[in-house]
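Worksheet: the structure to be examined is printed underneath.
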Amino acid sequence: MSFDQVLNQKAFINGNWVEGSGSKQFAVTNPATGETIIEVSDCTAQDAENAIAAAKAAFKPWASKTAKERCQIMRRWFEIVIEHEQELAELLSTEQGKPLAEALGEIRYGAAYIEWFAEEARRTYGDIVPTPKGDARVLVMKQPVGVVAAITPWNFPNAMIARKAAPALAAGCSIVIKPAEDTPLSALALAQMAKLAGIPDGVINIVPTSDAQAVGNVLTTHEDIAKVSFTGSTQVGRLIMRNGAETIKKLSLELGGNAPFIVFDDADLDRAVDGAVTSKYRNSGQTCVCANRLYVQAGIYDAFVEKFSAKVAELKVGGAFESDVALGPLINKAAVAKVEELVGDAIDKGASVTIGANPSDKGELFYNPTILRDVSRDARVLREEIFGPVAPVIKFDDEADAIALANDSEFGLAGYFFSKDLGRVWRVAEALECGIVGVNEGVTSAVEAPFGGIKQSGLGREGSHYGLDDYLELKYVLMGGLAE
Ligand code: SIN
């Protein structure tokens, strides 16, 4: 297939490519150039209703397939995605801006969720539980929750859809997906691959829209939606919880993060520097698990800042298709404005700029990788999720100080620390208030691991064998009268 053959223009409802009921389109632009890539069907609340009706009709036939049948169809989906990984990566880079190599990594990461959950479909085991009655047994079975709505972000336009759709389908659920307005093309291409794989009509539906509120409102309040899975801001997560209250929806919420990244005096300094570069600048700093605040112990603070700055100075900023590019553009003007505001606030409060802190000459949405040192503890950049290539580095004195600083946040998604002391590794890993801890590693994500946060970073886990549970109901059957 060529790039043009994975470029879809219409919504995908009940296995058909359809115009939105309002007969309108919205433009999807390349953030690196500002050019329109294509105009896509702009779905309305009515289209969301239609998609839910299609998913409802498809649910029971899909759920009643054997686990092995679902596994085989999903496995085919995985294989088709991998066959077309190059075109899909080009599409992803074009709509999202991340460097091509990183986009290819994302396609493989997303496909790995499909592969993993295809396998897990066959392992939805139940239990037989002893009861106090001699002539009775409790049998626990797992059943799909029903029709799922997924609302997905622009920072991983492929993988965040795969991470929700794959466990849903493996469990026997059908799904309606609202992709982010900035990046609907990767979602539509995934649906195209699903159709080629033989996923039945109505099991996957995609409703791109520029009216997130109208479509989101239907998806999060409709009585036929059993569960909403959302990745995005904590603010929108709260709204989804409120919307779901009336019909008691099940929720998976992957919300904001504010990851602390701690380097102790006893750390392997080079490893910590490499970890900081990958953790901070992945996707130009636009992931929920990016290091947001770097705490470095006083004894190695200057050495760390010097080595870190030298490495970051080598990072090339540019368009996704340029060679050796490490950082692409930010997603839109609002993202650039937020980064500028946070950097300005930190400097006003006394931070010094080690590197960057300015827009790149590559284009309107490009921002240079930035390191700020001696950042005041009340700077906004330490409280808010930056979602940009800015690393504030703060000095701390001892372990207790580091743990207190790290936990001083309403968020609790990821945290990282570097130390060679085994006792400290256990103490700090247990003390950090977050769902994901990287020890001597800057990137922790893997399909085999349960991704998710605590505190105001959300509910539920994605990936791993735990990830299937979020799409399954438990039912127990008490079987009595078993005595002769
Ligand atoms: C995210 O930013 O939400 C996902 C990051 C990841 O899966 O590593």
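Using only Cα atoms, tell me the angle between helix 301-313 and the longest principal axis of the chain; keep it within 0 to 90° and round to the nearest 10. Taking the Cα atoms of the chain, the angle to 301-313 is about 70 degrees.
Dipole of the range 35-88 computed with +1 at Lys/Arg Cβ and -1 at Asp/Glu Cβ about the Cα centre; of A54, V81, I38, farthest Cα towards the positive end is A54. Per residue, the average separation of C-alpha pairs within less than 8 Å and at least 6 apart gives the range 259-446 a relative contact order of 29 percent. Over 18 Å apart at the Cα level, from the set K56/K227; K56/K475; K65/K249; K280/K307; K65/K142, are K56/K475; K65/K249. Calculated mean residue ellipticity at 222 nm for the chain: -12000 deg cm²/dmol, from DSSP H runs with n ≥ 4 weighted as -39500 (n - 2.57), summed, divided by the residue count and rounded to 500.
Relative contact order for the range 345-397: what is it in percent, counting Cα pairs under 8 Å that are at least 6 residues apart? If you can, show how the numbers build up before the last one.
Numbers: 85 pairs, mean separation 19.2, N = 53.
The normalised contact order for the range 345-397 reaches 36 percent.
For the chain, the Kirkwood hydrodynamic radius comes to 23.3 Å, computed from all pairs of different C-alpha atoms. From most to least packed by mean Cβ count within 10 Å, the peptides 239-247, 390-398 give 390-398, 239-247.
Students often check this: by mean Cβ neighbours within 10 Å, which of 130-143, 190-203, 356-369 ranks highest, and how do the rest follow? Walk me through the numbers on the way to the answer.
Values: 130-143: 12.6, 190-203: 20.9, 356-369: 18.6.
Result, highest mean Cβ count within 10 Å first: 190-203, 356-369, 130-143.
Computed over all pairs of different Cα atoms, the Kirkwood value for the hydrodynamic radius of the range 303-447 is 16.8 Å.
Think of each Lys and Arg Cβ as +1 and each Asp and Glu Cβ as -1; about the Cα centre, that makes the dipole of the range 89-236 roughly 500 debye. Looking at the range 259-446 alone, DSSP beta bridges between its own residues are antiparallel in about 15 percent of cases. Spin-label model, Q86 to E35: label points 7 Å out along the Cα-to-beta-carbon direction sit 2.1 nm apart. Extension gain, D378 to L422, is 12.6 nm, computed as 0.36 nm per intervening residue step minus the present C-alpha separation. Computed extension gain for L139 through M479, at 0.36 nm per residue and net of the alpha carbon distance, reaches 121.7 nm. Subtracting the Cα-Cα distance of D401 and E246 from their residue separation scaled by 0.36 nm leaves 51.5 nm. A simple packing score, the average count of other Cβ atoms within 10 Å per residue, orders the peptides 284-294, 77-87 as 284-294, 77-87, with the highest score first.
If R0 is 25 Å, what FRET efficiency do you get for E306 and D265 from their C-beta distance, rounded to 0.05?
Rounded to the nearest 0.05, the efficiency is 0.95.
If one takes the longest principal axis of the Cα atoms in the chain, at what angle in degrees, from 0 to 90 and to the nearest 10, does the Cα axis of helix 333-348 lie? The two axes meet at around 40 degrees. Work out the charge dipole of the range 158-315 with +1 on the Cβ of Lys and Arg and -1 on the Cβ of Asp and Glu about the Cα centre, then indicate which of V273, N205, G285 is farthest towards its positive end. Highest projection toward the positive end goes to N205.
For the chain, the longest principal axis of the C-alpha atoms and the axis of helix 159-171 are separated by about 30°. Residues within the reach of a label modelled at E341 (point 7 angstrom out along Cα to beta-carbon, backbone nitrogen below 16 Å), restricted to the range 202-239, are 233-236.
On the beta carbon distance between Q235 and N358, with R0 = 25 Å, the FRET formula returns roughly 0.30.
Throughout, read-outs are computed from the coordinates displayed, never taken from laboratory work. Predicted model only: the values in this text are computed from it and were never measured. Quick reminder, even Gly has a Cβ in these numbers, built from the backbone with ideal geometry, and neighbours come from all protein chains shown.
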